[in-house]
Amino acid sequence: MLELKDLFWLFLTGCLCLIWWQGQKVREIALREVRRQCEKMDLQLLDESVGLRALWLKRADDGKIRVWRRYHFEFTSTGDERYSGEIITLGHKVTGFNVSPHRIG
């Protein structure tokens, strides 16, 4: 027989799994956009990944509270040096993309 505390822990575990799953979905959106931008700028994305650097709650243009995320990635333009960049999402939308100054190969 389930007690109230068991239901609480089950609910909490379910919420955490949902948050993690949504985070993975947003990470894939960010990675897809980074690949697209790197290809457009003739850059090579290194490690084929983005890493979460910051997480916050912010209000979107529609007035709703969304999760703001900043992801870090590394790229090269010449094949010799590594440079860093970042992509920012708010909810499921990409709101910013920045690359550090780099040599043009």
Discussion item. Every residue in segment 24-62 that is out of contact with any helix residue (DSSP H, G or I) (no Cβ under 9 Å at 6 or more places or on another chain), acidic (Asp, Glu) and farther than 18 Å from THR78 by Cβ, please.
Written reply: GLU28, GLU33, ASP61, ASP62
Practice prompt. Hey, can you tell me all the residues within segment 37-86 that are farther than 20 Å from PRO101 by Cα, among the β-branched types (Val, Ile, Thr) and surrounded by 13 or more Cβ atoms within 10 Å (Cβ to Cβ)?
Written response: VAL67
Discussion item. I'm trying to understand the selection: among the residues of segment 64-105, which are under 24 Å from GLU28 (Cβ atoms) and touching a His at 6+ places or on another chain (Cβ under 6 Å)?
Written reply: TYR83, GLU86
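All of the numbers you see were taken from the coordinates with simple rules; none came from a lab. In this text the structure is predicted, and so the values were computed from the model without any measurement. Cβ: placed from backbone, ideal geometry, glycine included. Neighbour counts: every protein chain shown.
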